[in-house]
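First the structure, in the form of structure tokens, and then the observations on it.
Every read-out reported here was derived from the displayed coordinates using simple, explicitly stated rules and does not represent laboratory data. Just so it is clear, the structure is predicted and the values come from calculations on it, not from any experiment.
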């Protein structure tokens, strides 16, 4: 997976972006930060366990993460998943 693809996921989920040492992405629901993750500024492939950490920070299992990548899951469905798992109300 490439950094550009992760940034597209952030855009699809309508996450707020802040540039710092890394690109930080915040999921804001009802004016509050529900969760956040980050991706490096580097271009190219994401190496090591970074993809795993991003998936964990997004609170998704492997299948849900793959569905998000394949555009099966969008913001509304993602929020439903987080509610079902008890991460947001």
Sum of -39500 (n - 2.57) over DSSP H runs of 4+, divided by residues of the chain (222 nm, nearest 500): -12000 deg cm²/dmol
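Could you grab the relative contact order for the chain? Cα pairs under 8 Å, six or more apart, rounded to a whole percent.
With pairs under 8 Å counted, the relative contact order is 26 percent.
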For the chain, alpha-carbon Rg over 2.2 N^0.38 Å: 1.02
